[in-house]
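The values are calculated or read from the model by the stated rules, or taken from the named source; none is laboratory data. Predicted, not measured: the structure shown is a model, and the values here were computed from it. Every residue, glycine as well, gets a Cβ built from its backbone with ideal geometry; the counts of neighbours run over all protein chains shown.
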Amino acid sequence: MTIDFAKHSRKQKDLGKEISNLIKTLKKEKKKRFGFWVQAVGEKISDVAVPYRLKNDVLLIKVTDAVWRFELTKKKIELLESVNKISEKKIKDIIFK
């Protein structure tokens, strides 16, 4: 079965725009929710380590690669202290994945 994309090109463009807008909205909401992270760790670290979940006072962070994960794990206590100074909610631990 083949699909004639010429017939659907307009719909694909509209769908692409909708998906793009949805992704932008989700990113804005995540920044609002974890806005303290950028303030606590700075721009350089926040570019490679992004919080994605806060569960039972444990902050889960997605890191771009293993080298950064190792470096951030070594600074875990320092980062935890910085986050708790800024964050409204007390965070007990940070897990880098």
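Based on what the data block shows, is residue 38 in a helix (DSSP H, G or I) and either under 14 Å from residue 91 (Cβ atoms) or out of contact with any helix residue (DSSP H, G or I) (no Cβ under 8 Å at 6 or more places or on another chain) (or both)? Criteria not met by residue 38. Within the stretch 23-42, the set of residues being under 10 Å from the mean Cα position of the chain (by Cα) and either within 22 Å of residue 74 (Cα to Cα) or at pLDDT 85 or above (or both) comprises 34, 37.
Within the stretch 65-75, take every residue that is touching a residue at least 12 places away in the same chain (Cβ under 8 Å) and loosely packed, with under 14 Cβ neighbours inside 10 Å and give me the one that is farthest from the chain's Cα centre (by Cα). Full working, then the answer.
To start, the set of residues in the stretch 65-75 that are touching a residue at least 12 places away in the same chain (Cβ under 8 Å) comprises 65, 68-69, 72-73.
Of the ones still in play, those that are also loosely packed, with under 14 Cβ neighbours inside 10 Å are 65, 73.
On the way: 65: 14, 73: 17 Å.
That would be 73.
Has the stretch 49-64 got at least one residue that is assigned to a helix (DSSP H, G or I) and either surrounded by fewer than 16 Cβ atoms within 10 Å (Cβ to Cβ) or within 13 Å of the chain's Cα centre (by Cα) (or both)? No, the stretch 49-64 has no match at all.
Anything in the stretch 65-97 that is among the β-branched types (Val, Ile, Thr) and either out of contact with any Phe, Trp or Tyr (no Cβ under 7 Å at 6 or more places or on another chain) or assigned to a loop (DSSP other than H, G, I, E, B) (or both)? List them, or say none.
Initially, the stretch 65-97 is screened for residues among the β-branched types (Val, Ile, Thr), giving 67, 73, 77, 83, 86, 91, 94-95.
67, 77, 91, 94, 95 - these are the residues of the stretch 65-97 that are among the β-branched types (Val, Ile, Thr) and either out of contact with any Phe, Trp or Tyr (no Cβ under 7 Å at 6 or more places or on another chain) or assigned to a loop (DSSP other than H, G, I, E, B) (or both).
In the stretch 11-30, the residues that are surrounded by 10 or more Cβ atoms within 10 Å (Cβ to Cβ) reach residues that are assigned to a helix (DSSP H, G or I) and at pLDDT below 80 with C-beta atoms within less than 9 angstrom, at least six apart or across chains, in these pairs: 12/5.
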